[in-house]
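For reference, the structure discussed in these notes is given below.
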Amino acid sequence: MGNRAPLPLVVATISLLLWSIAGLRGGRRIPTTLDGPFEPVTVPLDGRVARGHAVDLPASDFRLQRKVTELEPEQISVSLSATEDSVWISWVTGEFQIGKDIEPLDPTSVASVVRYGNSKKLLMYEATGYSLIYNQLYPFEGLQNYTSGIIHHVLLDDLRPGTKYYYQCGDPSIPAMSAVHVFRTMPASGPNRYPKRIAVIGDLGLTYNSTSTVDHMASNKPDLILLVGDVTYANLYLTNGTGSDCYSCSFPETPIHETFQPRWDYWGRYMEPVISEIPIMVVEGNHEIEQQAENKAFVSYSSRFAFPSEESESFSTFYYSFNAGGIHFIMLGAYISYNKSGEQYKWLERDLEMVDRTVTPWLIATWHPPWYSTYKAHYREAECMRVEMEELLYSYGVDIVFNGHVHAYERSNRVYNYSLDPCGPVYITVGDGGNREKMAVNHADDPGGCPDPLTTPDEYMGGFCAFNFTSGPAAGKFCWDRQPEYSAYRESSFGHGILEVKNETHALWTWHRNQDLYNSTGDEIYIVRQPDKCPTKPITFQNTYI
């Protein structure tokens, strides 16, 4: 046999060569994380996007109007289960009600049925699911209560991976069925199988900037959408539908922050053409808290989306996991206990122990508020979560972390515990989807930009962990006095990102700005894994999702 190199090494070498060639775009070589760590870059503020508050789509916009009659399905969406052989189909029937006297619909009055197959003209399979309604109640003078339409969730299983399926949903006995839609299942788990393009967006809302983001995203033809929290911003509206940037000014005696739930219905109608055919996976943000009577919260978020909670053994809508080809995604909750003694942390340990990196080489984590952001807005707000969870994620070799919350874009160098580390994750903040709140433009390292540490505790979970740095260039300070070395690139602009995993070591990350042409890029880099230099904990027992 001679001194012939092992086949995996030959394949990896050829793969690297091919991606080096492919990495030339417009005569320019796309950098890789192996070229880093990079000197920090801040792109100057573009006056075209620094417009303060974005402008909401009004309720009268035709894209937000109800276009179906009686009990025909609307707000149709697809989401993934834990593995490639199943998906969830969700929709709404019946109209919501808002006012003082509301009468909830009966979820059992309409069946939850999906007919599907591999031919548009022959939907030979049928699945049934469950339905529910939810209420948003405020026992205070002047506030209006809300009750939803009937929300349906149906699991389709025993599907073939990487396969196109046609479907229609509704109740055939009425009859009230939707038009025929189509989706494609994820590739089977494996080191050489990946969805072609994964779109990542955060803090989306429903403004004209949001619609630009969605249009740009759709033009990139993603196979999967990750929405990293803050969906509709319904909690920025009084129950009469008017926006309120100063809630306490409008209702100073009301102990609960009201929320205008029809914005969820508007958002579902607007997004239906996209998410009825491209699976969307969502994790909760702070704007999904929506506290109401009886100390209830997150009711709309938990009701409207289907989550692979049972399939991934979390049994919670706040944290779960799923596979998409050779990627294992972990979706974490920043607004539920993340302490080491809590259920989420214990679930995370179990989930990470079951990840087989020979089957799903890429490990990607997502939650809403970033640990590594250099903007003044929400600076070090999630520090307690980082203190609890960072070591665990690092020890299992998480490759990429996606966050939102900060309304701007930022990409880190590989980092762990605020220090450059070639085995740390790349942290990417994409909270720039286009919501009605202001764009984040000020940095904590700007002159006079460092916030008062007393303003940074975790407002929802409680606790204060953001103390002065004890070592490094910022030792003895709460903020750096220049852009931190862990921050590779930051820019204030609306946009979205596209992740293209090419093989078990290389993934192309591209961030697109709304103000650019559809095929233009704002930030672009190959994220490269080095499993030989950054070993991870071995699998302890067989992954039950495979």
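FYI, it's all coordinate maths here, none of it is from the lab. Computed from a predicted model, the values in this text were never measured in an experiment. Note that we place each Cβ from the backbone using ideal geometry, even for glycine, and neighbour counts take in every protein chain shown.
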Inset, instruction - Can you figure out the FRET efficiency of residue 475 with residue 392, using R₀ = 22 Å and their beta-carbon distance, to the nearest 0.05? - result: 0.25
Legend entry - Which of 396, 335, 319, positive extreme of dipole for the chain (C-beta unit charges): 396
Inset, instruction - May I ask you to derive the FRET efficiency for residue 350 and residue 297 from their Cβ-Cβ distance with R0 = 30 Å, giving the value to the nearest 0.05? - result: 0.70
Inset, instruction - May I ask you to compute the full-extension gain from residue 140 to residue 256, defined as 0.36 nm times their residue separation minus their alpha-carbon distance, rounded to one decimal in nm? - result: 40.8 nm
Inset, instruction - Provide the gained length on full extension for the span residue 59 to residue 28, in nm with one decimal, where the gain is 0.36 nm per separating residue minus the Cα-Cα distance. - result: 6.6 nm
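For residue 417 and residue 358, calculate 0.36 nm times their separation in residues minus their Cα-Cα distance, and state this gained length in nm to one decimal. Write out the running numbers ahead of the final one.
Working: separation 59, 0.36 × 59 = 21.24 nm, distance 2.73 nm.
Going from the current span to full extension adds 18.5 nm.
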Legend entry - Taking N as its residue count, the alpha carbon Rg of the stretch 317-397 over 2.2 N^0.38 Å: 1.12
Inset, instruction - Quick one: go through the stretch 124-163 and flag any residue whose amide nitrogen is under 18 Å from the point 7 Å out along the Cα-to-Cβ line of residue 192. - result: 161-162
Inset, instruction - Pop the C-beta distance of residue 539 and residue 467 into the FRET formula with R0 = 35 Å and round what comes out to the nearest 0.05. - result: 0.45
Legend entry - Alpha-carbon Rg with Dmax, taken over the chain, Å: 23.2, 86
Inset, instruction - Just the number, please: percent antiparallel of the DSSP beta bridges in the chain, rounded to the nearest 5. - result: 75 percent
Legend entry - By average C-beta atoms within 10 angstrom, highest first, the peptides 318-330, 107-119, 448-460, 267-279: 318-330, 267-279, 107-119, 448-460
Inset, instruction - Please report the base-10 log of the normalised intensity I(q)/I(0) for the stretch 384-449, using a Debye sum with one equal scatterer per alpha carbon and no solvent, at each q in 0.16, 0.23 (1/Å). - result: -0.65, -1.04
Legend entry - Reachable lysines from residue 221, criterion Cα separation under 30 angstrom, eight or more residues apart if same chain: 67, 120, 121, 164, 196, 438, 502
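Taking the mean number of other Cβ atoms within 10 Å as a proxy for protection, how do you rank 414-425, 434-445 from highest to lowest?
434-445, 414-425
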Legend entry - Set of lysines near residue 100 by C-alpha distance (under 20 Å), chain-local residues within fewer than 8 positions excluded: 296
Inset, instruction - Please give the peptides 227-236, 293-302 ranked by average Cβ packing (other Cβ atoms within 10 Å per residue), highest first, as a rough proxy for protection. - result: 227-236, 293-302
